[in-house]
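Written below as structure tokens is the structure these notes are about.
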Amino acid sequence: MLALTKKLLAVLSLAIALEACIAVDPEARYCVATAGALATEAPRPAGAPTYHADVAPILAAKCARCHGEEGPGPMRLLTFEQVSLVREQVAAAVASRRMPPWPPASCCAHYKDSLALGDEERDAIVRWVAEGAVEGAEPSAPPPASRGTLDRVDSVLEMPDDYLPAPEDGATDETRCFLLDWPHDGTRWVTGIDVKPGDGPQVHHALVLTASAEDAEHLREKDEESAAPGFPCPGGLVGHFKGFLGGGFFQAQSFEPGTGHEVLSTDRVVLQMHYSVPPRGTFVRDRTKVLLRHQAEPVKRLVALTLLDPAWLLGGFRIGENERDVTYAYVDAPTSWNGDRPLRLHSVNLHMHERGARGQIAILRKNGDRECLLQIDAWQHHWQGDYVLDEAKLLEPGDRLFVSCTFDNVPQTQRVFGGRRESPRDLGWAEDEEMCVGFVTASQAE
């Protein structure tokens with residue numbers, strides 16, 4: 001359905017009534033990804049690989065986003081000296097395909113700016129370590145900047161004050177919202193976004209929304225009622241926001257050329273932060289920044305489609321203690337809410353928490369075919385983001401969108417904080433329990 005706007009409350013009861021009319025196959029049809037072996041038998045360049053010629057360009061393009069100066073990675077991988085100190089760990093991580101993290105299954109769909117290493121790239125790093133980790137001649141210019149960054153930043157919006165997360169009643173998670181001023185006159189069209197948390201390990205995810213002047217006034221009152229910066233907003237801002245600009249912090253989002261999100265001069269920006277106790281067990285003060293690329297020239301308007309069963313929010317979502325392979329699935333027909341007009345689908349995002357095992361988002365074509373949009377076979381909640389489709393997909397009237405999430409609520413999937421792992425417990429729909437949401441960014445088709 002369309003993003004959780006102020007109209008959602010009015011349609012919840014209708015959606016629940018219509019749910020019985022929509023056949024939901026509770027099992028996603030997973031494709032099988034075949035991982036290729038290292039290209040050890042392919043012809044190799046003459047001579048040993050060197051850091052500057054062969055390794056640094058790969059690290060800059062695929063690793064620097066997380067292992068740069070401001071990234072959440074545990075080590076910096078920006079210089080020969082830094083990489084040499086951990087070269088054995090780097091080689092082992094890429095050889096085992098643990099790094100760089102790129103969760104989508106290769107058999108499902110193709111995406112722009114993939115972080116996945118090709119066999120030749122992987123082989124170059126492994127060979128560089130095995131053959132002596134030679135530095136080589138330093139180039140006159142540094143390698144190109146990492147993907148996952150914006151090519152241009154027109155505005156930087158920042159939380160007005162530092163905030164120290166403080167979950168209530170012994171909880172481990174807190175969702176808090178912050179109002180950010182929009183400093184521009186006239187209408188702007190946001191064409192790219194990046195979120196830079198002050199402390200990555202304690203941020204589960206972030207969402208950046210817009211609010212109209214009327215809704216912003218209501219949110220301002222909530223902000224003033226709170227003694228600390230921002231205000232609590234568990235479960236989101238249903239009824240009090242206008243649009244969705246993006247979110248996450250794993251990578252920047254550059255929207256399809258010729259598309260963007262409209263922001264009026266009277267709008268306010270709302271930053272929603274989901275804080276979760278980090279592995280170190282203690283929160284620190286945060287001051288997250290939102291980087292935006294925008295323009296005054298109009299483009300085609302983007303809209304966020306949100307796939308979730310309204311009944312899940314009303315108690316229809318339960319995962320028992322120590323249960324495995326618990327699957328929740330939902331289908332929706334966004335074109336029916338769009339005047340039976342077709343939509344172009346540009347990017348896709350799947351959201352679960354720590355007990356997620358695997359999930360899928362797909363198109364159910366009106367002729368009975370299925371078309372995979374996103375499949376994640378081994379879910380890790382630290383590596384969720386927006387995946388931009390290499391080619392936009394057309395959603396025709398009669399086609400539906402499908403989301404499926406499978407959970408393992410067992411000891412080894414529980415969160416670790418303060419050096420201790422939580423014990424399994426019955427889970428419902430909550431920030432510190434579990435969720436299943438599919439996000440798809442779309443625009444009107446011609």
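Every number in this text was worked out from the coordinates using simple rules, so none of it is lab data. It should be emphasised that the depicted structure is a prediction, and the values quoted were computed from it without experimental measurement. In this analysis, Cβ positions are derived from the backbone assuming ideal geometry, glycine residues included, and neighbour counts consider all displayed protein chains.
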Full-extension gain in nm, ALA93 to ASP161, via 0.36 nm per residue minus C-alpha separation
20.7 nm
Expressed in angstrom and rounded, the centroid-to-centroid distance over alpha carbons for segment 302-362 and segment 195-269 is 21 Å
Hey, which of these cross-link pairs are over 31 Å Cα-Cα: LYS62/LYS393; LYS112/LYS289; LYS62/LYS222; LYS222/LYS289; LYS196/LYS366?
LYS62/LYS222; LYS196/LYS366
Potential extension, GLU321-ASP340 segment - 0.36 nm per residue separation minus Cα distance
2.6 nm
Please work out how much length the chain gains when fully extended from VAL32 to SER140, using 0.36 nm per residue of separation minus the C-alpha to C-alpha distance, in nm with one decimal.
34.5 nm
4 °C / 1.567 mPa s Stokes-Einstein diffusion coefficient of segment 319-446, Kirkwood radius on C-alpha pairs, µm²/s
82 µm²/s
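Give me the percent relative contact order of the chain, please, defined on Cα pairs under 8 angstrom at least 6 residues apart.
Reported relative contact order: 21 percent.
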In whole Å, what three semi-axes, largest first, describe the equivalent ellipsoid of segment 91-242 built from its Cα gyration tensor (square root of 5 times each eigenvalue)?
41, 21, 17
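Reported to two decimal places, what Rg/Rh ratio describes the chain when computed on Cα atoms with Rh from the Kirkwood expression?
Result: Rg/Rh = 0.96.
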Report the label-to-label distance for ARG421 and ASP119 in nanometres (one decimal), using points 7 Å from each Cα along the Cα→Cβ vector.
3.6 nm
If I build a Gaussian network model for the chain, linking alpha-carbon pairs within less than 10 angstrom, which residue out of LEU219, LEU314, LEU77 has the largest mean-square fluctuation?
LEU314
For the chain, calculated [θ]222 nm from helices alone, where every DSSP H run of n ≥ 4 adds -39500 (n - 2.57):
-4000 deg cm²/dmol
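How many percent of all Cα-Cα pairs in segment 357-426 sit more than 17 Å apart?
Value for segment 357-426 (Cα pairs over 17 Å): 58 percent.
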Rg(Cα)/(2.2 N^0.38 Å) for segment 297-386, N = residue count:
1.28
Between 0 and 90°, nearest 10: helix 8-19 axis offset from the chain longest Cα axis
90 degrees
